[in-house]
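Below is one structure; the comments refer to it alone.
The values are calculated or read from the model by the stated rules, or taken from the named source; none is laboratory data. Predicted model, so just to flag it, every value in this text is computed and none were measured. In this analysis, Cβ positions are derived from the backbone assuming ideal geometry, glycine residues included, and neighbour counts consider all displayed protein chains. When the accessible area is computed, the model is the full protein with side chains, heavy atoms only, and any ligands, DNA or RNA have been set aside. Shrake-Rupley method; radii C 1.70, N 1.55, O 1.52, S 1.80 Å.
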Amino acid sequence: MHYKTYYESPIGRIALTSDGTNLTGLWLPKHKDFEQQYNETLREAELPVFDKVSNWLNDYFSGNNPEINFPLAPEGTEFRKRVWNLLLKIPYGETVTYGDIAQDIARQLGKEKMSSQAIGGAVGSNPISIIIPCHRVVGKDGNLTGYGGGIDTKIALFKIEQMNMANYYRPKFSTKP
């Protein structure tokens with residue numbers, strides 16, 4: 001059985017999911033179809049893990065760097081979990097590139113290279129946004145590449161973490177034929 005609740009944040013309504021003990025998902029407002037991730041109906045509930053996550057989010061959105069004091073249980077392949085564990089190591093207020101993560105994963109797996117696109121797929125499938133900080137991953141040269149919660153949300157999270165936005169750029173798309 002999986003459970004859900006909602007948290008009203010400065011970036012909109014966030015959905016939280018749990019297996020009853022662990023946090024299994026933190027879904028941003030643009031993730032309208034988050035319930036499709038589960039093979040069952042999610043039941044709304046008040047759980048101790050939701051209280052802890054809500055307190056963590058209150059602290060985070062106040063501009064602090066709270067410590068994770070609740071269990072996480074994201075569901076995914078071993079490869080994805082390996083990438084998500086690396087995301088947890090990205091310091092608050094800092095970023096890494098997909099290429100940086102690809103190099104770390106290649107080293108861990110004893111490979112010469114790893115595809116940045118494979119890393120992008122794993123980062124993009126992160127079910128516990130913000131807490132597993134996929135927003136701290138940027139493209140080559142600080143490019144603010146696609147973000148499941150939307151680039152505007154990524155920028156808002158950067159501002160909460162007091163990142164210097166001059167170091168990052170949003171790609172401009174040409175409207176020329």
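Numbers at a glance
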quantity: Ranked packing of 113-119, 125-131, 52-58, most packed first, by mean Cβ within 10 Å; calculated: 125-131, 52-58, 113-119
quantity: Vicinal HN-Hα couplings computed from phi for the stretch 11-22 (Karplus, 6.51 cos²θ - 1.76 cosθ + 1.60; Hz; Gly/Pro x); calculated: 9, x, 6, 9, 9, 10, 10, 8, 8, x, 10, 9
quantity: Percent carbon-and-sulfur accessible area, the chain, ignoring ligands, DNA and RNA, probe 1.4 Å; calculated: 46
quantity: Qualifying lysines (Cα of each under 24 Å from Cα of Lys52; at least 8 residues distant if same chain); calculated: Lys4, Lys30, Lys32, Lys81, Lys89, Lys154, Lys159
quantity: Accessible surface, per residue, of the chain when the full set of protein chains is kept, probe 1.4 Å, Å²; calculated: 55
quantity: In Hz, Karplus ³J(HN,Hα) per residue of the stretch 114-131 (6.51, -1.76, 1.60; θ = phi - 60°; x = Gly, Pro); calculated: 9, 6, 5, 5, 5, 5, x, x, 5, 4, x, 9, 4, x, 10, 4, 6, 5
quantity: Rounded to 5, the percent of DSSP beta bridges in the chain classed as antiparallel; calculated: 60
quantity: Relative contact order of the stretch 1-77, pairs being alpha-carbon contacts under 8 Å that are 6 or more residues apart, as %; calculated: 31
quantity: Per-selection Kirkwood Rh - the stretch 79-177 (Cα, Å, 1 d.p.); calculated: 13.9
